[in-house]
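Some notes on the structure that comes next.
What follows draws every value from the coordinates through simple rules; no lab data is involved. All values reported here derive from a predicted model rather than from experimental measurement. Virtual Cβ from ideal backbone geometry, glycine too; neighbours counted across all protein chains shown.
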Amino acid sequence: MQLGISDHKDLIFEWIPYYQFNDIKELSHTAYSARWKNGPLLYNCYFKNEYTRNSTNKAVILKYLVDSQNISDEFLNEIIIYYNKVKLYGISQIPNTKDYIIVFDEYKYLENCCIRCEKYLTNADYKCCRPCQIDWLKENFTNWTSGNEQIDNLIQKIQLGINDCKDVIFEWIPYHQFNNTEELLSNKTYSAIWKDGPLMYDHTYKSEYIRNSENKSVILKNLLADSQNITDGFLNKIVAHYKEFQIYGISQNSSTKDYIIVLNQDQYFKIVCNKCANKYVNAEYEWCKLCQKSYLKNNFTNWTSKNKQIDKLIQKMQLKINDYDDTIFEWIPYNQFNDIKELSNTTHSARWKDGPLLYDYHSKNENIRNSANKAVIIKYLFCFQNITNELLNKIIAYYNKFQIYGISQNPSTKNNYIIVLNQDKYFKIFCDKCGNKYANMEYKWCKVCQKNYLKENFASWTSNSEQIDKLIQEMQLKINDYKDIIFEWIPYYQFNDIKEIGKGGFAKVYSAKWRNGLLYWDKKEYKRDLNKIVALKCLNNSQNISNKFLNEVKAYSINDFNNFDNSGEILKIYGISQNPNTKDYVMVLQYARGGNFNNWLNNNCKNFNWPNKLKVLNNIINGLNEIHQKRMVHRDLHTGNILFKDTYYWATSNYISDMGSCSIADIPILSQF
């Protein structure tokens, strides 16, 4: 054990001669306090860096191991266990009896071990020893009785199940201990004052049980109407309550002979409604479902829609309430709305004067209206002269999907019922301009509004070619998501820093900076990615629009991922322009910084390992699959037409280009296999 030390602060476990101890005093049968004359070995890092003894007359505890003259494995194991748990200085031996002794640091021993039974404390902070607690309770069994063996056995069983000194001691409490008994509810629940109060563990003084909560407020509860006869069901009910509530014990009404459970009043009313004695559905907010439903039922007579079916539906929806923050579905008179503004043919914004009914979780006992002039949406359900299942089902569908406050009716158009919705939640799902559902709710992107905006904007630009204008308009109206690129006519003066980067038989390719950059959606509006680096593909002799040019543009647009992020394996197309000098048309494409496959491989051949090869191959396969899904084939696929997004070997995003080489497959795909 000495050779197991790992730090200068570790104790040196020693053989300590018995004559080193004086002032020996008995604490218990096998534990003694003493003074160790020389004291333990300690590493002196301030002087000579060696071990010294500078704690003379050190206070220690001697634990006698009775009948330990013969060394056994059990003896050695006990020493090791103590060494690992408590500050242990070493071993000694009584010269007369030859019994061995374990030597502890006094402070650490008394902090962790029970002075009475010498076992480890259950709760060292509270000086709590469970074995001693159990012994005390057992000895106390003779000091009380309920007069019923089954009740006594249950109380004893629960008492012996305690695990900590902070646990409540379940007791038999004589009924004369209670005064100021007052009935709270009709179901035999009473408040009372318990004269002596409960047993509490006193860890500050003698580490024993005392009664220091005189005149304790408690709840007395009859579990059964007729509890004079003890049954298994009755006993099980007591156990169930013990697990759920802080129960002090059992008593018996001296007049009726009914058995009573005694509960902590404060804790009881945190769980149980003080009006109806049912458990709160939401204990944190003291919300009682039963009381809430009773309140709503009592309020049915205070409102009416003047239609039995509508009233019945509202009542049914109200009684579905399940938690404190559920919306209370109401009949809302139309005169409650002001500042009504039309959003669409069927949808209006408005202000609800009084606002909705809300549970007041501050006072925790009533419903209030504290949201005056609440912003709402009123949505017309047209032309229901008669209340039909279709109308009722429509209302229920809205209720299940949105936070719906209730129903109203415009007195001017009596055939039209109105549903009233939470405006904030409504505009998280529906466009605040047109009332249609967002195509993408997270980014508040409305497909209908976007298409309308693009249509209205057609008049603000032109390529001066009817064919080109028509193509751009057609591609713009294919937009389907906020990430989709808005294909544009881009005036050539928008490009600067133009540099030739490639040349072929039919076209030249340039890099350039697009001043305004492409449009992208930023939650509320489109913004531009300024000074975007792009590739300009200029087709030679394309002053006259050819089918080849149009087909190549369309071929790029087959990419289902023609968007401004990095998804997709076909080069993205941003728009069309025209060189004002040559009149040649220009395709504005994604710029691939890494160049073609040959260029990229020259720079990265040393790092082109199998994982990277598979990534590149997978991207090519996915790109070809995209082309083939459109029943087209790429008729000139080679390394010069595979472009890389970046120059680095770990950036293995690559794209298929030269989509002008694509054409409709001559033979249906399936017939080729």
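Its Cα gyration tensor gives region 289-429 an equivalent ellipsoid. The semi-axes, each the square root of 5 times an eigenvalue, are 23, 18, 14 Å from largest down. Using a/c under 1.5 as the rounded threshold, could you call region 2-119 rounded, prolate or oblate? The axes a ≥ b ≥ c are square roots of the C-alpha gyration tensor eigenvalues, and prolate needs a/b larger than b/c, oblate otherwise. Since a/c reaches 1.5 and a/b is larger than b/c, the shape of region 2-119 is classed as prolate. Ordered by the number of other Cβ atoms lying within 10 Å of each residue's own Cβ, fewest first, Tyr190, Tyr175 fall into the sequence Tyr175, Tyr190. Compared with the dominant Cα axis of the chain, that is its longest principal axis, helix 308-318 is turned about 60°. With the charge dipole of the chain set up from +1 on Lys and Arg Cβ and -1 on Asp and Glu Cβ about the Cα centre, the Cα lying farthest toward the positive end among the listed residues Asn299, Asn57, Ser28 is that of Asn299.
Magnitude of the charge dipole for region 1-130, about its Cα centre and with charges confined to Cβ atoms of Lys, Arg (+1) and Asp, Glu (-1), is about 380 debye. Values of log10 I(q)/I(0) for the chain across q = 0.05 Å⁻¹ run -0.62, by the Debye formula with one identical scatterer at each alpha carbon and no solvent.
The trypsin sites (Lys or Arg not before Pro) found in region 435-489 that occupy coil by DSSP, while having at most 14 further C-beta atoms within 10 Å, are Lys478.
When the alpha carbon gyration tensor of region 525-647 is reduced to an equivalent ellipsoid, the three semi-axes, largest first, read 27, 18, 16 Å.
If you plug the beta carbon distance of Asn140 and Ser55 into 1/(1 + (r/R0)^6) with R0 = 35 Å, you get a FRET efficiency near 0.25.
For the chain, the longest principal axis of the alpha carbon atoms and the long axis of helix 232-244 meet at an angle near 70°. Rounded to the nearest 0.05, the FRET efficiency derived from the C-beta distance between Asn625 and Ile664 at R0 = 25 Å is 0.90.
Rounded to the nearest 0.05, the FRET efficiency derived from the C-beta distance between Glu208 and Leu3 at R0 = 56 Å is 0.80. Which residue, Gly517, Trp489, Tyr453, has the largest displacement toward the positive end of the dipole of region 447-590 when charges sit on each Cβ (Lys, Arg +1; Asp, Glu -1)? So the residue furthest toward the plus end is Gly517. For region 376-496, a simple Cβ point-charge model (Lys and Arg +1, Asp and Glu -1, everything else neutral) yields a dipole of about 520 debye relative to the Cα centre.
By definition, a body whose alpha carbon gyration tensor gives a ≥ b ≥ c is prolate when a/c is 1.5 or more and a/b is larger than b/c, and region 447-590 fits this prolate description.
Between Tyr380, Ser344, Ile332, whose Cα lies farthest towards the positive end of the dipole of the chain when Lys and Arg beta carbons carry +1 and Asp and Glu beta carbons carry -1, centred on the Cα centre? Of the candidates, Ser344 comes out farthest on the positive side. When you filter the GluC sites (Glu not before Pro) in region 398-490 for DSSP loop state and at most 10 other Cβ atoms inside 10 Å of their Cβ, you are left with Glu442.
The length gained on full extension between Tyr334 and Tyr443, counted as 0.36 nm times the residue separation minus their Cα-Cα distance, comes to 35.9 nm.
In the chain, Cα pairs under 8 Å separated by at least six residues give a relative contact order of 5 percent. Working from label points 7 Å from Cα in the Cα-to-Cβ sense, the Lys25 to Asn581 distance is 10.8 nm. Could you state the angle between the C-alpha long axis of helix 149-159 and the longest principal axis of the C-alpha atoms of the chain, as a value from 0 to 90 degrees rounded to the nearest 10? Between helix and principal axis, roughly 60 degrees.
Charge dipole of the chain (Cα centre as origin; +1 on each Lys and Arg Cβ, -1 on each Asp and Glu Cβ, all else neutral): 2700 debye, rounded to the nearest 20.
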